[in-house]
């Protein structure tokens, strides 16, 4: 109870016993508390140093100082120390902010801040997770994440969620085939996070409190790092993009319903990509699935269209309104 005042439980017990039984000497206190006389004397030394007891000349009898005076004085000293410590913390915070501002100035690119490399991005994401107040929105494209990435993301998300920050994340449909990602999404849901999936995503994206956004320097190579953006106009556009994708995405725990043509969202995305001129390899990269998966889906679609070739399948798909 009184650890903050420098008192252990044993010291507190001796002090309380003295208040309740002022007639007891060292031997009497030892018997009352079922401890040795040496333990009582050690406690009395500490209590005397804290001005909570006054010893007699012989050292065998002591008088407890009234708690209204003794304990209140100790608490006042602790409060004064805390106030000094708080001022030191605030001064240190100001120095850190000044150093960070000077560092940021060297990494400004137009209205953005350059975060070079994966480590710089992870460090910034950790800072944002601790600073987030209301909301975090994100796109996670690609295939299954590495265990290290998943672990780091879990720690940061837990920090934010426990403070009441709302987290919404959109994964690619391909993540549903990864047990670790599914387990992570279920764990997030248990803490209040929300996850959905969609066949394709335009890029990796993180938006915090609708004030700060991180986008990749190169969407095709996330290892290069990210650009941190704060321009209100740019942020508004990225939030609008997120909301549009979110509305059309399928919540985790639900199976996406086929459309009016009995096409899954992934099949429709594949048809659209091929109609735009993407090769099977490029479509596989966009969908974050294997080339074999794309070819298997294409074979199924061709059979359903009763087409003899890919070209004929394209014509039939257009006639039937699939594209």
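Read the figures in this text as sums done on the coordinates, not as results from a lab. Not measured: the values here are computed from a predicted model. Cβ coordinates were reconstructed from backbone atoms using ideal geometry, including for glycine residues, and neighbour counts include every protein chain displayed.
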Quick calc: nm separation of the 7 Å Cα→Cβ label points for residue 163 and residue 123 -> 2.0 nm
Per the C-alpha gyration tensor (a ≥ b ≥ c, the square roots of its eigenvalues), the stretch 133-212 is rounded if a/c is under 1.5, else prolate if a/b beats b/c, else oblate; here it's oblate
quick note, the stretch 111-251, DSSP beta bridge pairs, % antiparallel (nearest 5) is 60 percent
Taking N as the residue count of the stretch 111-251, its alpha carbon Rg divided by 2.2 N^0.38 Å gives 0.96
Given a Förster distance of 22 Å, the FRET efficiency implied by the Cβ-Cβ spacing of residue 290 and residue 220, rounded to the nearest 0.05, works out to 0.75
Under the 7 Å Cα-to-Cβ spin-label approximation, residue 87 and residue 51 lie apart by a distance in nanometres of 2.1 nm
Given 15-28, 199-212, 120-133, the highest-first ranking by average Cβ count within 10 Å works out to 199-212, 120-133, 15-28
So, relative contact order of the stretch 158-236 in percent, Cα under 8 Å, 6 or more apart, is 22 percent
For the stretch 111-251 the mean separation of alpha carbon contacts under 8 Å (6+ apart) over residue count, i.e. relative contact order in percent, is 31 percent
Once residue 149 and residue 300 are pulled to full extension, the length gained, defined as 0.36 nm per residue separation minus their Cα-Cα distance, is 50.9 nm
